[in-house]
Each structure stands twice: as C-alpha cells, then as structure tokens.
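Just so you know, all these numbers are worked out from the coordinates, no wet-lab data involved. Just so you know, these numbers come straight off a predicted model, no measurement behind them. A quick note on method: Cβ atoms are made from the backbone with ideal geometry, for glycine too, and the neighbour counts reach across all protein chains shown.
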Amino acid sequence: MKEPRKIILPESEMPESWYNIAADIPGGLDAPLNPVTGQPVGPQDLAPLFPMALIEQEVSTERHIPIPEEVRDTLLAWRPSPLIRARNLEKLLGTPAHIYYKYEGGSPAGSHKPNTAIPQAYYNKKEGITRLTTETGAGQWGSALSYAGALFGLEVKVYMVKASYEQKPYRKLMMQAWGGSVVPSPSTETAAGRKILAEHPDSLGSLGIAISEAVEEAVGRDDTHYALGSVLNHVMLHQTVIGLETKKQFAMAGEQPDVVIACHGGGSNFAGLAFPFVGDNLTKGTKYRCVAVEPASCPSLTKGVYEYDFGDVAGMTPSMRMYTLGHDFVPPGIHAGGLRYHGASPIVSKLLNLGLIEARSAQQLDCFKAAVDFARSEGFLPAPESSHAIRAAIDEALDAKVKGEKRVIVFGLSGHGHFDLTAYDQYLSGRLENYELPEKEIEASLKVVAKMQPVSVS
Ligand SMILES: *Cc1c(COP(=O)(O)O)cnc(C)c1O
C-alpha cells in the first residue's frame, strides 16, 4: 500500500476527554504560592480571576477530564486537524527520515490557541461572567479569545503589547472584527500601566506588563475575569487534543514517531502535542523523545533558572516554580512574538527538570531559513514561532541522514504566518539579524526572581 500523504480522522475520533499529565508526574507538582504570604494559593485566591471549573482543572490530578459537549461541538469546526507527511521536504533534504507535521493553522484564528480560548470562554459564560480581559503579544492569543468571546457572547478587552499594536495592525483589526476591544499596553487605564509610563514614557511594553494590566482590571470588576493563553495547567490540558489526535493518526499511518518536536513560548502547543506521548513514556514504558524549541534570544528553558517566580512584571500573579529568566526580563524584539515570555509552564518545567523532555534553542535567521525551505517544499507559510519547530525537525532529519537512520519525526506546525509577512520581507531582503543575548544581560535579569520555598501539592 502507498504510504499516506495526509491522515485525517473522522469527527467521531476527536477526543472526548483532555489528558491531564498531572496524574502521572512522578512526585506531583509544586504548588503556586501567594505573592504576598508565600503560602500555597487556594481556590479563593484565584476566584477573582478564573471560573471555578478552570480552578478545579488547574489543581486536578484526574487523568482524563471530559470535554463539555458544547466545547467539543465548537472545536469540531476545524478539528480533528490533519497530520501531514512532509514528503517534499524529505526529498529536498535527501533524508531517510519520515517527517510529519500536525497542522494547527486551520483554526479560525490561524493557530492552536482557540483550542483553549473556546473552553475558557465557555466556562466563564457558564459562571455568569460577561467580560474577559487578557494580554496579547503578537496578537495570536488576543484574536483567539476575541473569536471565542464572539461565539459565547462575552465582551473581550485585550491589552496588546504596544510594539505589536503599532507594527501589526492586521491582528488588531482581526480582534476588532470579532468584537474585541484592543488597548496598547502600557496604557493609562490601569495603575500598573501608569506606573510604567511614568518611569518609561516611551515603553513599547512587554507581555509581563500587559498581564499586570489585564489582571488588575479583572480583579477590580465583579463582571470580569481574566484569561491566559499559555503557561497555566488548565491551558496545557486543553491543548492535549493535539497530541491525542496525533497518536490516533500515527496508529492509522502504521508507524510511531521517534521524536516529537514543538516550539516553546509559554509551553502550550508543546504540551498539547507532547504530553500524551510523555504520558505513555511514564505509564507504558515507551521512549518517545520530546523536544521543546525556544528562541536563542529568550532562552527560559535552556538558560533560565528553575525557581519560583511571578508571571508578570508587577508581581501580581501567584508565584510559580518554573524555568524563568526573571520577571523583569524584556525579550528583544524578535519576530516570533508568541515566544517572547520570561517564564515557562510549570508542568513543562517540571518535566524538563526531571529529565523527561529535552529543550534546545534556535537563532532567528536559522528559523526563517527553515520556514522558507518548508514553504517552498510543502506550501504552508509557517508562523515565525512554528519555524523553531521546523528548524529542529530539519536538524533531526539531517542527523538521521548522516547516520543512515529511518527516524520518524513529528513536529507541531502551530500556526500560519499570513500576518507575519513584514518579517518574511525583512528576511528575504537580507535585513533580518540574529540577536545574541549577552550573558551579562541574562545574569542581571536572573537576579530578579521571586525565589520562594517550594511547597508540594499533596
Ligand atoms: C502563541 C503561539 C506560540 C507560543 O505559545 P505556546 O504557549 O508556547 O504554544 C507558538 N506558535 C504560535 C503560532 C502561537 O500563536
């Protein structure tokens, strides 16, 4: 039989439950701590920000959590997503490796982010909330949440990092088309924003600042909650539909991946693709290698410290034990805007610390080279974030070629790059540069971590 080019699952095969890896992590997770008292955060601390259903998921150790019917029905508009064999890319590389990619760019917002935006909007709506605030860097999360808000009748207010607000008018327009309101951050609408502006009137913002603003507004209003597009446990959980589908698709293809690769910003698309495979490693003795790829200019996993730190600049969020570059760290303006975050998912961090997954970093120019090679062989124009995964997949395929191995590689193509054409323009005209993060700068920012005593969840 001819080897398949594209593996499509029928609707009935879309998962009915999310996979919660917290059930299988050796030693469990470390509790998030209250930023003021240093005590474990309880449900009451989080209630001003999130609906109880999401707080329960955040601390749950149930292995399988059912996907509500209404959420599943909404996701079915574009799920299950295709798993595609990159046969043309394999030819281009002359590799004996088999390369597959799981394409998440077919969602309405063009990335994996609606996989969690939809359930988050659903649970908030169910709890009687009418408004959501959030932050967005490149605009991917803001558009995903605006779309979800439109479907569930919620008002969505997005604090958009000012640098992107000015450079990326199309993402902003997309949010507005779905009814979201978009404010450049730092703004004068919150105390956190006003404080930054007083000290740095020209500040172009950062995700950490925008989170402080969105959290402050949500805490101050009863009708409003906050939604985060990555990092938190419930977000990792919602994204596992990606890997659960991928496992079924490989079963259909009649082979198994040796290496599972995804780019890493806060960790959600990596978690989504990789956790179901890591879970099999933990419970069934399989040996999938799972690799997270981050930008060399924002290297939380590869150069950060594994400590308690805040999720935002102002220190308003709970302190979480994670790989962090320090909550003051403002990453350089690389084009993979969705990967510019100082910290990492606590679960991804724990798995890395235990040696259960791998992490590596890649330079901007090498990633764009990989993205263009991919676009010219496979056709899809990748998001700059996703190009980090492509870089690592190509490197694995070339390594397999040198060693004469038939390695099976799967990577997450987390989104399309249709709103990132300015970046492609810069790359193609030779104006794009690598950004070497000076060791001194990392050393300085690493001094600004919260560092609290770990408390494990019993
Ligand atoms: C936001 C984003 C990422 C990075 O976020 P994670 O939470 O690490 O997945 C990666 N790819 C795309 C296309 C994104 O929009």
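HN-Hα J couplings of the range 133-146 from phi, Karplus 6.51/-1.76/1.60, θ = phi - 60°, integer Hz, Gly and Pro as x?
Values per residue, Gly and Pro as x: 10, 7, 10, 8, x, 5, x, 5, 5, x, 6, 4, 6, 4 Hz.
Work out the length of the dipole vector of the range 338-425 about its Cα centre, built from +1 on the beta-carbon of each Lys and Arg and -1 on the beta-carbon of each Asp and Glu, and round it to the nearest 20 debye.
240 debye
Taking just the alpha carbons, could you work out the radius of gyration and Dmax for the range 104-155, both in angstroms?
My reading of the Cα-based Rg and Dmax gives 10.4, 31 Å.
Show me the ranking of peptides 16-27, 288-299 by mean Cβ neighbours inside 10 Å, starting with the highest.
Numbers: 16-27: 18.2, 288-299: 23.8.
Order by mean packing, descending: 288-299, 16-27.
Students often check this: by mean Cβ neighbours within 10 Å, which of 386-394, 198-206 ranks highest, and how do the rest follow? Please list the in-between numbers first.
On the way: 386-394: 30.3, 198-206: 14.8.
Highest-to-lowest ranking by the protection proxy: 386-394, 198-206.
5 Å is the cut-off here: which amide hydrogens, built 1.01 Å from N in the peptide plane, fall below it relative to residue 18, excluding neighbours closer than 5 in sequence?
Result for residue 18 returns 65, 67.
What is the ratio of the Cα radius of gyration of the chain to 2.2 N^0.38 Å, where N is its residue count, to two decimals?
On the way: Rg = 20.4 Å, N = 458, 2.2 N^0.38 = 22.6 Å.
Rounded to two decimals, the normalised Rg is 0.91.
Could you order the peptides 342-349, 31-38 from most to least packed, using the average number of other C-beta atoms within 10 Å per residue?
The peptides rank, most packed first, as 342-349, 31-38.
Let me have the 222 nm mean residue ellipticity of the chain computed from DSSP H runs of 4+ only, each contributing -39500 (n - 2.57), with the sum over all residues rounded to the nearest 500.
Value at 222 nm, helices only: -12000 deg cm²/dmol.
Can you give me the pair-distance distribution of the range 96-239, C-alpha pairs, 10 Å bins, whole percents?
13, 42, 32, 10, 3, 1
Which value, in debye to the nearest 20, describes the size of the charge dipole of the range 98-241 about its Cα centre when Lys and Arg Cβ atoms bear +1, Asp and Glu Cβ atoms bear -1, and nothing else is charged? Could the numbers behind the result be given before it?
Working: 13 positive and 13 negative charges, 77 e Å.
Value, rounded to 20: 360 debye.
Could I get the Rg over Rh figure for the range 178-238? Both from C-alpha atoms, Rh via Kirkwood, rounded to two places.
Values: Rg = 13.0 Å, Rh = 12.8 Å.
Rounded to two decimals, Rg over Rh is 1.02.
Could you tell me what % of all Cα pairs in the range 1-150 have separations over 19 Å?
On the way: 7430 of 11175 pairs.
The proportion of pairs with Cα distances above 19 Å equals 66 percent.
About its Cα centre, what dipole magnitude does the chain give when the only charges are +1 on Lys and Arg Cβ and -1 on Asp and Glu Cβ, stated in debye to the nearest 20?
1120 debye
Calculate how many DSSP beta bridges within the chain are antiparallel, expressed in % of all such bridges and rounded to the nearest 5.
So the antiparallel bridges in the chain amount to around 35 percent.
Over the range 260-392, what is the mean sequence separation of C-alpha contacts under 8 Å (at least six apart), divided by residue count, expressed as relative contact order in percent?
28 percent
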